[in-house]
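The values are calculated or read from the model by the stated rules, or taken from the named source; none is laboratory data. Every value quoted in this text rests on a predicted model; they were computed, and no experiment measured them. Here the Cβ is made from the backbone with ideal geometry for all residues, glycine too, and neighbour counts use every protein chain on show.
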Amino acid sequence: MSIFEAIIMGIVQGLTEFLPVSSSGHLEILNVIFGVKGEGNLLFATVVHGGTVLSTIVVFRKEIGRLLKAFFRFRPSPEMRFVVNILVSMLPVLFVGLFLKDGVEALFTGNLLVVGTMLLVTAALLLFSGSVRPRPRLRNREMDMIDAFIIGIGQSFAVLPGLSRSGTTISTGLMLGIRREEVASFSFLMVLIPIIGANLLEVVGGDFSQVPGLGADVLIAGFLSSFIAGVFACRVMINLVKRGKLIWFALYCALLGIGVIVYTLA
């Protein structure tokens with residue numbers, strides 16, 4: 001992978017991370033276009049996800065500060081409830097990371113048929129969440145721990161390339177009747193700890209020298225470009241997720257998924 005390709009992939013990662021269109025699916029498509037194969041796929045994906053996590057921290061720094069203060073005070077408050085829900089949502093992802101890591105890594109091998117299929121699943125979820133109407137007493141309510149765990153299960157399935165993490169978690173939350181604003185913020189913040197943990201594991205246990213074409217310069221270029229693009233996307237596009245209709249994202253995922261599947265089978 002060249003530095004130019006790393007920058008392009010980082011920009012795409014940063015722009016697509018905050019929209020329900022699957023950043024991992026887009027990276028897999030670019031991996032095939034650029035001819036990136038083998039162990040480098042997952043390592044590079046982890047690094048550029050780290051860039052967008054850093055952009056999330058920068059954009060949400062005030063909210064994160066309030067949540068950390070509430071956590072260390074350990075007193076009942078809306079912020080403390082939000083933190084507890086984030087911790088609960090991590091449990092399904094922790095299970096996947098501990099027991100299904102090898103199986104997940106095997107999917108990051110340029111299998112565009114998986115990507116295309118999961119993009120269609122993402123489209124279906126987005127369409128379904130827009131049409132489902134919870135009972136009146138369940139609409140626009142605050143999230144509880146059971147809701148957080150269910151949303152966490154959705155996030156654990158979204159490790160599949162092409163299945164949008166934000167699309168899955170936002171759709172799940174909306175179908176549960178959670179307020180759109182809370183679901184959107186929760187979706188962007190709940191990923192921080194799992195991705196930071198994954199990056200730390202890669203840094204501690206990884207051997208960069210044994211991954212051809214992925215030197216420090218390529219990884220740094222991907223990280224920085226995903227961070228810069230992520231800051232822009234998070235500031236500008238988060239309102240689209242909060243206020244916009246998900247049907248347009250569903251249409252995009254459906255068209256891209258069909259295109260990928262047709263290309264793969266042709």
Of (1) within 20 Å of Ser185 (Cα to Cα); (2) modelled with pLDDT of 75 or more; (3) among the hydrophobic types (A, V, I, L, M, F, W, C), Leu240 satisfies all except one. Which? (2)
When you look at Leu127, is it modelled with pLDDT of 85 or more, in a helix (DSSP H, G or I) and either in contact with an Asp or Glu (Cβ under 9 Å, 6 or more places away or on another chain) or within 23 Å of Gly14 (Cβ to Cβ) (or both), yes or no? no
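Please work out which residue is surrounded by the fewest Cβ atoms within 10 Å (Cβ to Cβ), limiting yourself to segment 111-129 and to residues that are hydroxyl-bearing (Ser, Thr, Tyr) and closer than 16 Å to His26 by Cβ.
In the first step, residues of segment 111-129 are kept if they are hydroxyl-bearing (Ser, Thr, Tyr); the result is 117, 122, 129.
If we keep only those that are closer than 16 Å to His26 by Cβ too, we end up with 117, 122.
Values: Thr117: 18, Thr122: 31.
Out of the qualifying residues, it is Thr117.
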Step by step: first the residues of segment 243-266, then only those that are small (Gly, Ala, Ser) and part of a loop (DSSP other than H, G, I, E, B), then the one that is modelled with the lowest pLDDT. Which residue is that? Gly244
Any chance you could count how many residues in segment 2-26 are crowded, with 24+ Cβ neighbours inside 10 Å and over 10 Å from the mean Cα position of the chain (by Cα)? 5
Would you check which residues across segment 172-189 are buried (at least 19 other Cβ atoms within 10 Å of the Cβ) and among the hydroxyl-bearing types (Ser, Thr, Tyr) and list them? Thr172, Ser187
State the number of residues belonging to segment 106-120 that are modelled with pLDDT of 90 or more and out of contact with any Ser or Thr (no Cβ under 9 Å at 6 or more places or on another chain). 2
Wholly enclosed helices (runs of 4 or more DSSP H) of segment 1-74 bearing at least 1 residues in contact with a Gly (Cβ under 7 Å, 6 or more places away or on another chain) and either at positive phi or modelled with pLDDT of 80 or more (or both): 3-16, 23-34, 40-59
Please enumerate the residues belonging to segment 131-165 that are at pLDDT 85 or above, of a type in the set (A, V, I, L, M, F, W, C) and either exposed (fewer than 13 other Cβ atoms within 10 Å of the Cβ) or in a helix (DSSP H, G or I) (or both). Met145, Ile146, Ala148, Phe149, Ile150, Ile151, Ile153, Phe157
